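Input: a single structure, listed below in structure tokens.
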Amino acid sequence: TPSSGFVPLTETEFNEAEIPDLFNFDPVFVRILALDRAGNLSVPSATVKGMPLPEPDLLARPALSGLLSGTLEGKAILTASGGPYTVRGEWVVGPEADLAVEPGVVVQFEPGAGLSILGGRLSVYGRKDRPVSFSGLTADGQQSGFTGLILSGAGEVLLQHVTIEGAAVGIEIRN
């Protein structure tokens, strides 16, 4: 629950409202007050915790964990709480796949590993205060070369506040 109390954010005459100045993945606590035409104010509703997201049902996707390899074929999400993640070999976001990455995720690539987007969708929602990190690591924790991100085919990629370190080529675009 909030420690600073509640402040009015918006007013509406309808059964929905848009709250301005919210940031994706930042929790918000809301209470509703109703004012009828006679000027009577309702009792505040119970506190509800919500979180704005860049796309509907994002957190309803299956969350991946640990070791990443092979081909992703459906919808999935990488969460900061589920990481760090390790990519072994070539990890592919296939033609019908849709991978979302929330702020603060750390993805470590073994030597020679890489991430290929082959017609699918990759949405990395890093933030300035919680960037997403793609980096190459060896067994002793030192940076090593990984192939990087390869974009190929008619896929869709969104990269926001991402750092790529230790890659042979950070991002390669192929026809």
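Some notes on this structure:
- Charge context of Ala113, other residues only, Cβ under 12 angstrom, K/R +1, D/E -1: -1
- Of the residues Ala154, Asn24, Thr12, the one whose Cα sits farthest toward the positive end of the charge dipole of the chain, with +1 on the Cβ of Lys and Arg and -1 on the Cβ of Asp and Glu, is Asn24.
- Residue-normalised convex hull volume from the C-alpha trace of the chain: 142 Å³ per residue.
- Whole-Hz couplings from phi, Karplus 6.51/-1.76/1.60, listed for region 157-173; x for Gly and Pro: 10, 10, 10, 10, 6, 10, 10, 10, 10, x, 8, 4, 9, x, 9, 10, 10
- Compared with the direct C-alpha span, the chain from Met51 to Arg174 gains 40.6 nm at full extension, assuming 0.36 nm per residue.
- Of the trypsin sites (Lys or Arg not before Pro) in region 93-164, the ones in a loop by DSSP (not H, G, I, E or B) with at most 14 other beta carbons within 10 Å are Lys128.
- Sparse-neighbourhood loop sites, chymotrypsin sites (Phe, Trp or Tyr not before Pro) in region 13-57 - DSSP loop, at most 10 other Cβ within 10 angstrom: Phe14
- What the phi angles of region 46-54 give under the Karplus curve with 6.51, -1.76 and 1.60, with θ = phi - 60°, is a coupling list of 5, 6, 10, 9, x, 8, x, 10, x Hz, glycine and proline written as x.
- If you take the Cα centroid of region 77-91 and the Cα centroid of region 154-175, the two points sit 16 Å apart.
- With a Förster radius of 41 Å applied to the C-beta separation of Glu165 and Arg37, the computed FRET efficiency comes to 0.10.
- GNM flexibility winner over the chain from Val106, Val132, Val43 (Cα, springs under 10 Å): Val43
- Rounded, prolate or oblate (a/c below 1.5 giving rounded, otherwise prolate when a/b exceeds b/c) for region 46-146 by Cα gyration tensor: oblate
- Available extension along the chain between Val7 and Ile19 is 3.1 nm, counting 0.36 nm per residue and deducting the alpha carbon span.
No value in this document is a laboratory result; all are computed from the given coordinates. Because the structure is a prediction, the values reported are computed rather than measured. Cβ coordinates were reconstructed from backbone atoms using ideal geometry, including for glycine residues, and neighbour counts include every protein chain displayed.
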